[in-house]
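Each value in this text was obtained by applying a stated rule to the coordinates, not by laboratory testing. Bear in mind that the values here come from a model prediction, so they are computed numbers and not experimental data. In this analysis, Cβ positions are derived from the backbone assuming ideal geometry, glycine residues included, and neighbour counts consider all displayed protein chains.
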Amino acid sequence: MTPDQSPLAIDRQDTFLGREIGRLSYGCWRLPGAPQAEVAAKIDAALEIGANLIDTAAVYGFGGDGFGAAEAMLGKLIAERQSLRDDIVLVTKGGITPPLPYNSSAEHLIASCEASLQRLNCDHVDLFLVHRPDNLTGHAAVAEALGELVRSGKARAVGVSNYTLEQTRALQHFLDEPIVATQPEISAWCTETLFNGVLDHAQSASMLPMAWSPLAGGSLATGIAPGGSPDRFPDLIAVIDRIAGDNNSTRDCVALAWLLAHPAGIVPILGTQSPERIRAAAGAFDINMNRRDWYDILEASLGERMP
């Protein structure tokens, strides 16, 4: 076997904030709309596969069960099972406030975190993220809020979501606390972060990259192209299907493995509402994907060969 044919290394665990975390995470944005009784089954399935990094946000539930609904559902489970809080690394986000749409003023971010803690039935989160950049709030004001949240013990650490490389650097300039995580959209279909410096900066600054929509909204699992997708989407699915067939596995696992193999240490956030599919996602760690396979996926996604 040549080096190019050797399977790429995929670690199952990482260390974050002094805790061991699984390389898969579970996201709560789809919890609202489901019965509260099902929440425990989903969280337990995530913990079974080591996905102890649990991601939510204040806005999850808006337009359905209501602003904060996802946090409230998770918080109810935490209240019912106090040991759960110690079993998970808890992440939430603030700053999206419909219909504004964004408000990252110091006063608002601090109030958002405090309201999240009430809904989550805990006295702190492990990680608080600014959900999206607010063009009407300067980076110094955002840094003021994040610094206060850490100093007050309401958040152990802070990070950003949907920030560009330069936005992240600008915020860090004003912030004494390190930005320890970034949460962009990343998938085999949405590959911009491979080229725009976000993942490079995450490596150089020792930031944890958390990938939202790692299956492109489910399209990489179903094979149904996102609306308005270019004609090359079927070519991407064909490559993923080939690798899945070689491994007697599924599209989901191949698409997740593609992210897990990246040296930045990407943690994909699972969004499925099926405990069975949560458990099945652990098959991503068993995918044998070599360097040529990895680049075959990227080239099919881009619609062109690498230069």
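Can you pull the Rg over Rh of the stretch 127-173, Cα-only, Kirkwood?
Here the Rg-to-Rh quotient is 0.94.
How do the peptides 286-293, 242-249 rank, highest first, by the average count of neighbouring beta carbon atoms within 10 Å per residue? List each step's numbers first, then the result.
Working: 286-293: 17.5, 242-249: 15.5.
Those peptides, ordered most packed to least, come out 286-293, 242-249.
Starting with the highest mean, order 103-114, 178-189 by the number of other Cβ atoms within 10 Å, averaged over the residues of each peptide. Show your work: numbers first, answer last.
On the way: 103-114: 19.3, 178-189: 22.5.
Listed from highest to lowest mean packing, they are 178-189, 103-114.
Roughly how many nanometres apart are two label points built 7 Å out from the Cα toward the Cβ at GLU304 and ASP231?
Between GLU304 and ASP231, the simple spin-label model gives 1.7 nm.
Given a cut-off of 32 Å, what percent of all Cα-Cα pairs of the chain lie beyond it?
Taking all Cα-Cα pairs of the chain, the fraction more than 32 Å apart is 26 percent.
Please list the three semi-axes, largest first and in whole Å, of the ellipsoid equivalent to the stretch 61-126, using sqrt of 5 times the eigenvalues of its alpha carbon gyration tensor. Kindly include the intermediate steps, with their values, before the conclusion.
On the way: eigenvalues 102, 40, 13 Å².
Gyration-tensor ellipsoid for the stretch 61-126: 23, 14, 8 Å.
Using 1/(1 + (r/R0)^6) with R0 = 51 angstrom and r between the beta carbons of ALA41 and LEU136, what's the FRET efficiency to the nearest 0.05?
0.80
Looking at the stretch 156-273, I'd like the Rg to Rh ratio, where Rg is from alpha-carbon atoms and Rh is Kirkwood's inverse mean 1/r.
1.03
In a GNM of the chain with a 10 Å cut-off on Cα contacts, which of GLY197, GLY50, GLY265 has the highest mean-square fluctuation?
Maximum fluctuation in the GNM of the chain, among the listed residues, is at GLY197.
Please express the Cα-Cα pair-distance distribution P(r) of the stretch 45-180 as a list of whole percents, one per 5 Å bin, running from 0 to the bin with the greatest distance.
2, 11, 21, 23, 19, 13, 8, 3, 0
Report the gain in length on full extension from TYR295 to THR164: 0.36 nm times residue separation, minus Cα-Cα distance, nm rounded to one decimal.
That works out to 44.7 nm of additional length.
State log₁₀ I(q)/I(0) for the stretch 205-261 at q = 0.23, 0.27, 0.28 Å⁻¹ as given by the Debye formula over alpha-carbon point scatterers of equal weight, solvent excluded.
One equal scatterer on each Cα of the stretch 205-261 leads to -0.91, -1.13, -1.18.
Give me the extension gain from ARG151 to THR191: residue separation times 0.36 nm, minus the current Cα-Cα distance, reported in nm with one decimal.
10.8 nm
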